[in-house]
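What follows is a single structure, written as structure tokens, with notes after it.
The values are calculated or read from the model by the stated rules, or taken from the named source; none is laboratory data. The structure displayed is predicted, hence computed values, not measured ones. In this analysis, Cβ positions are derived from the backbone assuming ideal geometry, glycine residues included, and neighbour counts consider all displayed protein chains.
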Amino acid sequence: MNKIKLVFATNNEHKLKEVEALLSNYDVVGLKEIGIKEDIEETATTFEGNAKIKANYVTEKLGLNCFADDTGLEVEALNNAPGVYSARYSGEHHNSEANMQKLLSELENKTNKKAQFRTAIVLNLNGKQHLFEGVCNGEILEEKRGQDGFGYDPIFQPSGFKTSFAEMSMKEKGIISHRGKAIQKLITFLNNH
């Protein structure tokens, strides 16, 4: 049986692997595989807006069914920062280590460590656009723990767990994570269409 091909508008190899594992019934390809090498500029002020920009870019340029996500970490004590600027929190270089250090230093004298990861996925399918969201609540740890994951995973501990995202397997994280929840909604939708 041929798998349905779906373009995931990302150049992030970590995200692509995570989503491929969750969407195993589909042939998920990233931007590189369809010949788009440039980064699509994220200029919106919301996760939904940025996901829409990326999905529309692929659909308008190549006419392909496509989905895109935008994800960020929202920290309560920092007025939900870094939010849409999560990847560029410490500057334009997308440096996870520097982003984590900046976040930890800004939380140093704060007792409230509550945070949430939020993902918005926009799917362009057969001329229609659909939105799916996922949220994972938790807290920011005082120091990094674990070797797996990416981004802020080593300093984020989901509610109800004693481990950081970086201490979980990809499968464990996929079940409870913000992206996992949004992808589950996407899968349910695709299975019913």
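Here are the numbers for the structure shown:
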| item | result |
| --- | --- |
| Residue pairs meeting the criteria (Cβ under 7 Å; at least 6 apart or on separate chains; first over 15 Å from GLU76 (Cβ atoms), in segment 103-116; second acidic (Asp, Glu)) | none |
| Neighbours by Cβ (under 6 Å, 6+ apart or cross-chain): first from segment 177-193, farther than 15 Å from ASN65 by Cβ; second at pLDDT below 95 and surrounded by fewer than 20 Cβ atoms within 10 Å (Cβ to Cβ) | GLY180/GLY174 |
| ASP39 over 15 Å from the mean Cα position of the chain (by Cα) and either assigned to a loop (DSSP other than H, G, I, E, B) or hydroxyl-bearing (Ser, Thr, Tyr) (or both) | yes |
| Only listed residue being in contact with a Leu (Cβ under 7 Å, 6 or more places away or on another chain) and either within 22 Å of ALA9 (Cβ to Cβ) or β-branched (Val, Ile, Thr) (or both), chosen from SER177, SER164, SER86 | SER86 |
| Some residue of segment 122-134 being among the β-branched types (Val, Ile, Thr), within 28 Å of LYS61 (Cα to Cα), at pLDDT 95 or above and in contact with a strand residue (DSSP E or B) (Cβ under 6 Å, 6 or more places away or on another chain) | yes |
| Among (1) more than 18 Å from the chain's Cα centre (by Cα); (2) part of a helix (DSSP H, G or I) - the single one SER86 does not satisfy | (1) |
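For every residue, the table says whether it meets (1) on the phi > 0 side of the Ramachandran plot; (2) modelled with pLDDT of 95 or more; (3) assigned to a helix (DSSP H, G or I).
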{"residue": "ASN56", "(1), (2), (3)": "no, yes, yes"}
{"residue": "LEU64", "(1), (2), (3)": "no, no, no"}
{"residue": "PHE67", "(1), (2), (3)": "no, yes, no"}
{"residue": "THR71", "(1), (2), (3)": "no, no, no"}
{"residue": "ALA77", "(1), (2), (3)": "no, yes, yes"}
{"residue": "GLU92", "(1), (2), (3)": "no, no, no"}
{"residue": "LEU103", "(1), (2), (3)": "no, yes, yes"}
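For (1) crowded, with 22+ Cβ neighbours inside 10 Å; (2) among the charged types (D, E, K, R); (3) part of a loop (DSSP other than H, G, I, E, B); (4) within 19 Å of the chain's Cα centre (by Cα), each residue gets a yes or a no:
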site: GLU143; (1), (2), (3), (4): no, yes, yes, no
site: GLN147; (1), (2), (3), (4): no, no, yes, yes
site: ALA166; (1), (2), (3), (4): no, no, no, yes
site: GLY174; (1), (2), (3), (4): no, no, no, yes
